[in-house]
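*Asks:* Quick one: the structure is below, questions incoming.
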Amino acid sequence: MNKSISILAGSFIFASGINAQDGKIEKFKKHQISEPLVTEIHTADPSAHVFDGKIYIYPSHDVNEGKVYDSPGGAFRMVDYHVFSIDKVGAEVTDHGPVLHVDDVPWATKQMWAPDAAEKEGKYYLYFPAKDHLDLFRIGVAVGDSPTGPFKAQPDAIKGSYSIDPSVFKDDDGSHYMYFGGIDGGQLQHYRGNKFGVHYRFPDENKPALLPRIAKMSDNMLEFAGPAKEVQIIDKNGELLKGSDGAKRFFEAAWVHKYKGTYYFSYSTGGTHLICYATGDNPYGPFTYQGIVLKPVLGWTNHHSICEFEGKWYLFYHDSILSNGNTNLRSIKMTELKHDAEGKIMTIDAYGGVLPKK
């Protein structure tokens, strides 16, 4: 969802995937391949699913309060979630209003970052990260009877959960798996073997990079069926990606989709601002790095989801064009995603390749 960045409240970005300064905003607007889906509020980190023949999008909700928490990612102060739906690609987007507020979550105190949703047997589950009373990120779940809620939060966070960016994948056999984790502001660097330690830090850059997590969901969708496990991302030689490989290694925003029997694990690289992907033959991995899904967008963060609708695949993402480059005021977008004849994802440039990265 977000990370530790150089930003002052209410200012434009100083560190970004693509620099917003030097009068380039109008060029970004001219060459953007997609318009914002929502313009009335600022939205980010879109998780998209198809339920009952419609696309439903579960994003985070950026707000501009002019305040910054004294912690990594403190400019991202989200307090609630909206749900949006689309009947047809290109049709008007419907805002179903706020469906969950931090004040309605007994265990949470602040920073409701990137969420996701899932459906099972007519019930809908909204999964979300937030900080608890110890200032640690946990993952919670709220339950509703429709894709748009209302959602009622469980009284406690999911036991064994931590960090951020929950993403729930439903496999062909009906099993559900949660992927999660985010580095720096997302606190993943402080965990080893599912145990928190303030003394745990980033590994040496020449050692394997920190890894995302996976946990199979229980039948009731409210708990993990067992302890979370690491998800290995490897190179073509079968070696784990190293921390020094910033253009390939995992940082946050895990997402899985399945195409022609292959599992595609996609994610953000953080400071290099890419959405990359790796492939495997089962939900647990290992996943072999393949390439880039989305090049850097305007703003520091890059966060996405991928889903199929009416026979085509779509990438949902965000950038900061609508806010003229303010990295903590973002807007969700969508564009078609294509796999080539060999199953490789064709790289997307959100600005048509006409603008420099810096």
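FYI, it's all coordinate maths here, none of it is from the lab. A quick note: this is a predicted structure, and the numbers were derived from the prediction, not measured. Using ideal geometry, Cβ is built from the backbone for each residue, glycine included, and neighbour counts are taken over all protein chains shown.
*Asks:* Within the chain, what percent of beta bridges assigned by DSSP are antiparallel, to the nearest 5?
*Replies:* Rounded to the nearest five, the antiparallel share is 95 percent.
*Asks:* Here is a follow-up. Would you mind ranking 86, 33, 25 so that the residue whose beta carbon has the fewest other beta carbons within 10 Å leads the list?
*Replies:* Starting with the residue having the fewest Cβ neighbours, the order is 33, 25, 86.
*Asks:* Full extension from residue 259 to residue 64: what is 0.36 nm times the residue separation minus their Cα-Cα distance, to one decimal in nm?
*Replies:* Here the answer is 66.4 nm.
*Asks:* Just one of (1) 18.6, 53; (2) 22.0, 76; (3) 19.7, 59 is Rg and Dmax of the Cα atoms in Å as worked out from the coordinates here. Which one is it?
*Replies:* Matching the structure shown: (1).
*Asks:* How far is the Cα center of segment 297-341 from the Cα center of segment 195-266, in Å?
*Replies:* 22 Å
*Asks:* So what is the relative contact order of segment 86-191, in percent, for Cα pairs below 8 Å that sit 6 or more residues apart?
*Replies:* Relative contact order comes out at 21 percent.
*Asks:* How do 276, 307 line up, fewest other C-beta atoms within 10 Å first?
*Replies:* 307, 276
*Asks:* Ok, one more. Set the Förster distance to 35 Å, then compute FRET efficiency between residue 207 and residue 281 from the Cβ-Cβ distance, nearest 0.05.
*Replies:* That gives a FRET efficiency of 0.85.
*Asks:* Where does the chain land at 222 nm, in deg cm²/dmol rounded to the nearest 500, when only DSSP H runs of n ≥ 4 count, each adding -39500 (n - 2.57), divided by all residues?
*Replies:* It comes out at -500 deg cm²/dmol, rounded to the nearest 500.
*Asks:* How much length is gained if the chain between residue 88 and residue 229 is pulled fully straight, taking 0.36 nm per residue apart and subtracting their Cα-Cα distance, in nm to one decimal?
*Replies:* 47.0 nm
*Asks:* Evaluate the distance, in nm, between pseudo-label points positioned 7 Å from the Cα of residue 222 and of residue 120 along their respective Cα→Cβ axes.
*Replies:* Rounded to a tenth, the inter-label distance reads 1.2 nm.
*Asks:* Then there's this: Can you pull out the GluC sites (Glu not before Pro) in segment 278-344 whose DSSP state is coil and whose Cβ has at most 16 other Cβ atoms within 10 Å?
*Replies:* Passing both the DSSP loop test and the Cβ count: 310, 342.
*Asks:* Label residue 30 and residue 195 with points 7 Å out from Cα along Cα→Cβ: what is the distance between them in nm?
*Replies:* 5.9 nm
*Asks:* In a shell of Cβ-Cβ distance under 12 Å around residue 230, excluding residue 230 itself, what net charge do Lys and Arg (+1) and Asp and Glu (-1) give?
*Replies:* It works out to a net charge of +3.
*Asks:* Moving to a separate point now. Per residue of segment 290-305, what does 6.51 cos²θ - 1.76 cosθ + 1.60 with θ = phi - 60° give for ³J(HN,Hα)? Whole Hz please, x for Gly and Pro, Karplus curve as stated.
*Replies:* 10, x, 9, 8, 9, 6, x, 10, 5, x, 6, 7, 9, 9, 8, 8
*Asks:* Also, quick follow-up: Which whole-Hz ³J(HN,Hα) couplings does segment 210-224 yield from phi under the Karplus relation 6.51 cos²θ - 1.76 cosθ + 1.60, θ = phi - 60°, glycine and proline marked x?
*Replies:* After applying 6.51 cos²θ - 1.76 cosθ + 1.60, I find 4, 10, x, 10, 9, 9, 6, 7, 6, 4, 7, 6, 9, 9, 7 Hz.
*Asks:* May I ask you to evaluate 6.51 cos²θ - 1.76 cosθ + 1.60, the Karplus curve with θ = phi - 60°, for each residue of segment 123-138 and list the ³J(HN,Hα) values in order in whole Hz, giving x for glycine and proline?
*Replies:* 9, 10, 10, 9, 9, 8, x, 6, 8, 8, 6, 9, 6, 9, 6, 10
*Asks:* Further, regarding this structure: Pop the C-beta distance of residue 52 and residue 313 into the FRET formula with R0 = 22 Å and round what comes out to the nearest 0.05.
*Replies:* So, using R0 = 22 Å, E works out to roughly 0.70.
*Asks:* Quick one: go through segment 130-144 and flag any residue whose amide nitrogen is under 12 Å from the point 7 Å out along the Cα-to-Cβ line of residue 154.
*Replies:* 139-143
*Asks:* Evaluate the distance, in nm, between pseudo-label points positioned 7 Å from the Cα of residue 135 and of residue 175 along their respective Cα→Cβ axes.
*Replies:* Reported label-point gap for residue 135 and residue 175 is 3.9 nm.
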